[in-house]
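Here's the structure, in structure tokens; my notes come after.
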Amino acid sequence: QVQLVESGGGLVQAGGSLRLSCAASERAFLFSIGWFRRVPGKEREYVAAITSGGSSYYADAVKGRFTISRDFAKNTVYVQMKSLRPEDTAVYYCAARRGAYSDYPIDWDYWGQGTQVTVSS
């Protein structure tokens with residue numbers, strides 16, 4: 001069973017930065033790790049992902065502002081978020097899946113509990 005724990009969420013003003021962390025069980029590092037977000041009343045939305053080989057991918061909405069990275073020694077994946085906007089407000093989840101990344105939440109096998117990010121205008 002792969003376990004994922006997110007942290008780093010909080011309240012930040014527009015234009016500010018946050019770094020989210022996803023601590024994964026050792027076994028999860030054979031997998032791709034992704035970040036998704038959800039606003040109440042909407043579907044979960046893909047944000048970014050990184051494969052076990054270190055290739056990274058981003059949704060158009062965050063490209064150029066978010067950076068995903070992984071630290072194998074710490075079993076942790078990070079997403080550095082800069083130039084935050086009010087529309088980035090959501091609960092952010094990390095997820096793990098075998099193989100390549102996918103934009104679709106249904107393709108991901110394991111999920112964390114989420115961390116709230118709130119961007120004030």
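Given R0 = 30 Å, the distance between the Cβ atoms of Arg65 and Glu43 translates into a calculated FRET efficiency of 0.90.
Pairs of Cα atoms nearer than 8 Å and 6+ residues apart set the relative contact order; for the chain it is 36 percent. The solvent-accessible area of Asp60, taken with every protein chain present and a 1.4 Å probe, is close to 130 Å². For region 88-101, backbone phi angles converted through the Karplus equation (6.51, -1.76, 1.60; θ = phi - 60°) give residue-by-residue couplings of 7, 4, 4, 8, 9, 10, 9, 9, 10, 8, 6, x, 6, 6 Hz, Gly and Pro being listed as x. Couplings for region 68-76, taken from phi via the Karplus curve 6.51 cos²θ - 1.76 cosθ + 1.60 with θ = phi - 60°, read 9, 8, 9, 10, 5, 5, 9, 6, 9 Hz in order; Gly and Pro are left as x. Put +1 on the Cβ of each Lys and Arg and -1 on the Cβ of each Asp and Glu in the chain; which of Leu30, Ala49, Thr76 then has its Cα farthest toward the positive end of the dipole? After comparing all options, I get Thr76. At q = 0.11, 0.26 Å⁻¹ the log10 of I(q)/I(0) for region 12-88 amounts to -0.29, -1.26, computed by Debye summation with a single uniform scatterer per C-alpha, solvent ignored. Dipole magnitude for the chain: computed about the Cα centre from +1 point charges on Lys and Arg Cβ and -1 point charges on Asp and Glu Cβ, it is near 180 debye. Counting only the Cα atoms, region 63-121 fills a convex hull of 115 Å³ per residue.
For the chain, the share of accessible area belonging to carbon and sulfur comes to 47 percent (1.4 Å probe, ligands and nucleic acids excluded). Summed over the residues of region 25-80 and divided among them, the accessible surface reaches 51 Å² per residue at a probe radius of 1.4 Å.
The values are calculated or read from the model by the stated rules, or taken from the named source; none is laboratory data. Computed from a predicted model, the values in this text were never measured in an experiment. Quick reminder, even Gly has a Cβ in these numbers, built from the backbone with ideal geometry, and neighbours come from all protein chains shown. Heads up: the accessible areas ignore ligands, DNA and RNA and are worked out on the full protein's heavy atoms, side chains in. Shrake-Rupley method; radii C 1.70, N 1.55, O 1.52, S 1.80 Å.
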